[in-house]
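Have a look at the structure below, then the notes.
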Amino acid sequence: MTDSASKPPRTDETPGRSSVSVLTSPSAIAMVTVAALVGAAYLIPGAQRFRVLTALPESASLFPVPAPAQPAATVGAAEIKIETKDDDTLRQPEVVDLPPAAREIVPPPNAEQKPPRSIEDPSEKALAPFFRKLMAVERKDAKAIARAMYFGDSIVATDYVTGTLRRRLMKRFGDAGHGFMPMANPWPGYFHNDVSRYAGPGWHVSRVVGPYSKDNLYGLGGTSFRTEGPGLFSTFGTAKSGSYGLTVSRFVVSYLEQPEGGKMEIAVDGELKETISTAADTVRSVWKTYEVPPGAHELKVTPLERNVRAFGVWMENDGPGTVLDAVGIQGGHLRQLDANDDAHWAEHLKKRDPSLVMFAYGINEVADGEAFPIPKFIETGRPVLAQIRAALPDAACLVIGPLDRATKSSDGYGASAFVPKLAAAQRQIAAETGCAYWDTFAAMGGSGSMGIWVQRGLGQADLAHPSGVGAEVIGNWIYLALMEAYEAFKAKASDNAPTPSASASSNAK
């Protein structure tokens, strides 16, 4: 691993979106329109009666189909030209009904349900730090918070899977806040459930998948935002409806001090808290905390000048409870997390202090296929996990395996031969770096399962991503697998606890 002085910006991006000409073609517009109409029926509460299809049409997908290889991204920043705002078409309902066809292969969730696959942990201690935090939360220890951080690709960028997992953890252990969010949407379609967010167009963003920051400083979320002048603002607030995210007691703003840094204002609930100068002789990361009485609140960040550089905001409650940070990177690969300067990223990870770090990559690695073979994946992926393990030696670690990917021909659906190879490689580097592993591929049904998922309404028509319903299923499975391992951990801890008589005898000595 190298520092920012010797680490060049990454040039191995696999684009996650088609070119402008493709996006504006009549066929692309038709695809988006059909996707919105069909997908909305499965995503919007109260729209169950419109769910007449057992699968999305072949022309529809809520995710972009990977584009042909394009020239490597440049160093610089892309101007964000759309608003960041709440989008009900992307919001995951709190209750998701399985389509009738899906119930034949996925049983409806219930309290007694077991996960289709258990978590693999050869060390038998990879998840112990998180489970100890959960036990403190369950004991109602004052301000006990079990923080989980979930890194992933486009699935996580829409808060698919993570939104479900966050809700399930909050429902059982308590709501300690939503966690980290970037200053604005780094990509169209980016989303967070159970919060209220807004940012106007005009922020300029550099990303670990390009365009690249010259100094390799991307903060916690792999995205760095700067201003070219005044007139912008971003807001972060509690949810305006639903059962989750209705309270916050602390906002933390993450930004950069630097030479010639601009000024910005921070307001809470319309009241100006302070005007901050981000100018400094040297570059350094800064976190400003704003405590509020527990309840519904909104924080507003207003840059007043050019050259304000910020990373994001996180929202928490005092606990006890759980927090899950969804760090999604559109078009992302595991290896691209290494685009961040090592010392800078380690500092941000330590500041966030998660007790569990999860990694869910594979969509884009499978799209690369043999163009980026398995030995290269292991060579570039292992150091990323090792780096985070070094930065967070007291945190648990879990690798979430890749989904199956289907192919389509006149004969029907086929299966990608690359997915089982990638699953085996992820299992290998997880074990080598002391992480646990959960096999999504096997849980789905193995090779050929994605074709079945698409036909049953659980997969998207791009043959790679889950539908909203499929994401709900996977999120529930991961929760069930974690809880299965947690209950086993608690039982073992109870068995190893000294008896009162043994404890007294020990004290007497």
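Read-outs: derived from the displayed coordinates by stated rules, not from any lab. Note that this is a predicted model, so its numbers are computed, not measured. No Cβ is skipped: glycine too gets one built from the backbone with ideal geometry, and neighbour counts run over all protein chains shown.
What does the C-alpha gyration tensor say about the overall shape of region 81-185? Classify as rounded when a/c is under 1.5, otherwise prolate if a/b is larger than b/c, or oblate.
Oblate is the answer for region 81-185, as a/c is 1.5 or above yet b/c matches or exceeds a/b.
Could you list which residues have their amide H under 5 Å from that of M149, counting only those 5 or more apart in sequence or on another chain, with H placed in the peptide plane?
HN-HN under 5 Å from M149: D325, L356, V357, M358.
Would you please calculate the Kirkwood hydrodynamic radius of region 152-251 over all C-alpha pairs and express it in Å, rounded to one decimal?
14.9
Would you order K125, K263 from fewest to most other beta-carbon atoms within 10 Å of each residue's own beta-carbon?
Sorted ascending by nearby Cβ count, the order is K125, K263.
Starting from 0 in steps of 5 Å, tell me what percent of the Cα-Cα pairs of region 338-482 lands in each bin.
All Cα pairs, binned at 5 Å, distribute as 2, 9, 18, 20, 18, 15, 10, 5, 2, 1, 0 percent.
Checking the cross-link filter: which aspartates and glutamates have an alpha carbon closer than 20 Å to that of K273, excluding same-chain neighbours under 8 positions apart?
E257, E265, E291, E298, E305, E316
What size of dipole, in debye to the nearest 20, comes out for region 20-508 about its Cα centre when the only charges are +1 on Lys and Arg C-beta atoms and -1 on Asp and Glu C-beta atoms?
480
Have a look at L304, T235, M483 and report the one farthest towards the positive end of the charge dipole of region 20-508, computed about the Cα centre with Cβ charges (Lys/Arg +1, Asp/Glu -1).
The residue sitting most towards the positive pole is M483.
Sequence gap at least 6, Cα distance under 8 Å: using those rules, report the relative contact order of region 20-508 to the nearest whole percent.
With pairs under 8 Å counted, the relative contact order is 22 percent.
Cα centroid distance between region 125-179 and region 337-369, in Å?
Their Cα centres are 17 Å away from one another.
Per residue, how big is the convex hull of region 20-508 when only Cα atoms are used? Give it in Å³.
Taking the convex hull of the Cα positions in region 20-508, it is 160 Å³ per residue.
Which lysines, on any chain, are close to K408 with Cα under 28 Å apart, when same-chain ones fewer than 8 places away are left out?
Cross-link targets: K376, K421.
Is region 399-479 best put as rounded, prolate or oblate by its Cα gyration tensor, with a ≥ b ≥ c the root eigenvalues, rounded for a/c under 1.5, and otherwise prolate when a/b is larger than b/c, oblate when not?
Oblate.
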